[in-house]
Amino acid sequence: MGKVKEYKNFIGGKWVGAQGGDTFENRNPANTSELLGIFQKSDHRDVNNAVAAASEAYRSWRLYPAPKRAEIVFAAARRLMESKESFARDMTREMGKVLAETRGDVQEAIDMSFYMAGEGRRMFGQTTPSELPNKFQMSLRMPLGVGAMITPWNFPMAIPSWKIMPALVCGNTVVIKPATDTPLSAINLVRTLDECGLPKGVLNLVTGTGSEVGTPLMKHPDVKVVSFTGSTEVGRSVSEACAPQFKHCHLEMGGKNVIMVMDDARIDLAVDGALWGGFGTTGQRCTASSRIVVHQKVYKKFLNRFVDRARQLRVGNGLDESVQMGPSINEKQLETVVRYVDIGRQEGAKLLCGGHRLTRGSYRKGWFHEPTIFADVNRKMRVACEEIFGPVVSVISCRSLEEAIDIGNSVEYGLSSALYTQDVNRAFTAMRDMYTGIFYVNASTIGAEVHLPFGGTKNTGNGHREAGQAALDVFSEWKAVYVDFSGRLQRAQIDNN
Ligand code: NAD
């Protein structure tokens with residue numbers, strides 16, 4: 001085996017080692033004997049250096065014309081296109097999802113970069129008439145300062161790009177802390193932006209754990225906005241850490257998403273959606289279809305086909321193009337899956353398919369689990385309420401659309417929901433009544449595009465949205481500007497009568 005590469009932090013335009021000299025390993029979850037690289041195990045000292053570099057760079061970056069900022073982002077989009085295949089392969093080795101999906105992950109970063117590059121020449125404010133004569137008024141966006149980004153491992157390039165690109169175009173500088181399971185993909189993204197001419201200090205990256213890097217980063221007094229994607233539990237602590245300083249705080253958290261299949265649905269289409277939504281990314285998507293609520297009239301038919309198809313899914317190393325489902329990200333996540341399968345059994349759910357860890361042959365070296373389906377699940381069972389983040393799907397029977405919506409809305413999360421029906425009235429009713437940030441008709445719960453807002457209600461989010469125009473609201477603040485050219489004192493609300 002050749003020498004293993006050591007990757008550094010990126011601070012003030014330079015690749016530097018952690019102050020403490022510690023490192024950690026990054027291994028392939030499909031084959032843990034494969035070591036991808038050694039990464040910096042940083043601490044608060046590295047965070048302080050990165051925030052100082054970002055604060056210094058902010059002084060000039062905020063005055064850099066937005067279209068010029070966006071040109072760098074545009075150049076990065078083109079460079080990402082050139083590197084798409086190699087970055088996708090790095091990502092599959094780093095986190096296990098299959099190549100088609102890691103190509104999609106890089107593509108999402110490309111799409112977001114092009115989209116936000118366009119915003120450099122838009123970022124529209126409003127001009128409105130004044131209630132007084134000879135007075136002009138408008139609103140404009142101003143940047144916030146240093147943004148801290150804390151990201152998960154399941155979309156290792158897409159999610160960082162959803163945060164970094166709008167933040168930069170709005171005129172903020174950035175310190176990103178990627179998940180410890182997937183630092184390489186974040187480094188690939190940061191390196192790409194650096195190669196496209198980003199001034200030093202504008203974008204900084206510090207790798208390491210949540211407690212040693214994430215916590216000091218989000219608490220740093222010079223950080224003005226924190227954008228976090230991850231679990232609801234950690235999100236709550238981010239929210240609490242931001243509150244005393246009134247920091248802008250953007251949270252994208254867990255999900256327990258639902259597909260509702262009505263008796264008039266095209267069953268094969270619904271099965272396609274359930275398979276893709278339930279087992280795509282090994283169920284490790286915040287938008288994963290972990291609950292399928294099926295009308296009792298088509299319940300058996302749906303289940304038979306769904307189970308039949310799930311049994312045929314090819315599980316393995318995502319670098320093999322014929323593989324359809326990769327491993328869990330790590331041992332801890334796999335243990336969670338195994339634990340929930342036990343819980344489901346104990347709760348009396350009917351295990352129709354899967355239910356076991358895969359350990360034979362080449363599976364031995366990775367964190368693999370069979371695609372698993374529970375039927376006859378009651379909406380109150382833990383497998384039907386709690387986020388598992390693995391290849392485990394619960395199927396629940398219902399008698400009507402109203403009941404399906406009620407079940408769908410009954411969990412603590414509110415990210416994504418989907419309805420399969422041929423009836424336009426049912427489609428619009430569910431569109432209105434599902435309290436989720438994303439809703440699909442005749443498509444699975446996954447498949448968001450970058451130019452619409454992404455995020456959820458209840459314990460999934462705190463009212464902000466990623467992507468689309470909404471992302472600009474996270475990374476900028478409104479300023480209302482009034483210009484009185486009357487040459488005299490004019491009092492609003494008083495002199496206009
Ligand atoms: P996680 O909350 O464990 O970690 C997310 C990030 O926070 C990582 O970078 C981690 O190192 C950091 N972190 C952990 N503890 C911290 C602390 N005390 N202080 C500061 N930072 C800390 O989540 P995960 O396991 O990486 O990702 C899975 C979760 O992310 C799931 O719940 C999933 O639903 C959610 N997710 C949500 C979305 C969304 O857009 N809503 C998208 C993807 C993933």
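The values are calculated or read from the model by the stated rules, or taken from the named source; none is laboratory data. Bear in mind the structure is a predicted one, so any value in this text is a computation, not a measurement. Ideal geometry is used to build each Cβ from the backbone, glycine not excepted, and the neighbour counts take in all protein chains shown. Surface areas here come from the heavy atoms of the whole protein model, side chains and all, with no ligands, DNA or RNA. Shrake-Rupley method; radii C 1.70, N 1.55, O 1.52, S 1.80 Å.
Which of K301/K350; K97/K365; K332/K365; K84/K247 have a Cα-Cα distance over 24 Å? Check vs 24 Å cut-off fails for K84/K247. Around the Cα centre of the chain, unit charges on the Cβ atoms of Lys, Arg, Asp and Glu (plus for the first two, minus for the last two) sum to a dipole of about 300 debye. Enumerate the lysines that K135 could reach by cross-link, defined here as Cα to Cα under 25 Å, with residues fewer than 8 away along the same chain left out. Straight-line reach from K135, under 25 Å: K479. Between E477 and M142, the built amide H atoms are under 5 Å apart, and every one of these is 5 or more places off in sequence or on another chain.
For region 258-441, give the percent of accessible area contributed by carbon and sulfur heavy atoms, probe 1.4 Å, rounded to a whole number. Result for region 258-441: 46 percent of the exposed heavy-atom area is carbon or sulfur.
Subtracting the Cα-Cα distance of L452 and L35 from their residue separation scaled by 0.36 nm leaves 146.4 nm.
Loop-located chymotrypsin sites (Phe, Trp or Tyr not before Pro) across region 156-264 with a Cβ neighbour count of 12 or fewer within 10 Å are F246, with loop assigned by DSSP. If the chain linking D320 and A492 were pulled fully straight, counting 0.36 nm for each residue of separation and taking away their Cα-Cα distance, it would gain 55.1 nm.
With point charges of +1 on the Cβ of Lys and Arg and -1 on the Cβ of Asp and Glu, referenced to the Cα centre of the chain, which listed residue (S410, G118, F374) lies farthest in the positive direction of the dipole? Going by the charge dipole, the pick is G118.
Each Lys or Arg adds one and each Asp or Glu takes one away; over the other residues whose Cβ falls under 10 Å from the Cβ of A384, this sums to +3.
Among residues other than L193 with Cβ under 13 Å from its Cβ, the summed charge is +3 (Lys and Arg +1, Asp and Glu -1). The amide H of I176, built 1.01 Å from its N in the peptide plane, has M149, N204, L205, V206 as neighbours under 5 Å, considering only residues 5 or more places off or on other chains. Stretched out straight at 0.36 nm per residue, the stretch from R399 to N378 would grow longer than its current Cα-Cα span by 6.2 nm.
For the pair region 15-82 / region 322-400, the C-alpha centres are spaced 35 Å from each other. Taking a label point 7 Å from the Cα of S237 along the Cα→Cβ vector, which residues of region 314-341 have an amide N closer than 19 Å to it? Those under the cut-off are 332-333, 336. Indicate the gyration tensor shape class of the chain (rounded, prolate or oblate), computed on the Cα atoms with a ≥ b ≥ c the square roots of the eigenvalues: a/c under 1.5 is rounded; otherwise a/b larger than b/c is prolate and the rest oblate. It is oblate, given that a/c is not under 1.5 and a/b is not larger than b/c.
With a/c under 1.5 counting as rounded, go ahead and sort region 302-352 into rounded, prolate or oblate using the C-alpha gyration tensor (a ≥ b ≥ c being the square roots of the eigenvalues; past the cut-off, prolate if a/b is larger than b/c, else oblate). In terms of gyration-tensor shape, oblate. Residues whose amide H lies under 5 Å from that of V293, counting only those 5 or more places away or on a different chain, are I259, M260, V261, I396; hydrogens are built 1.01 Å from N in the peptide plane.
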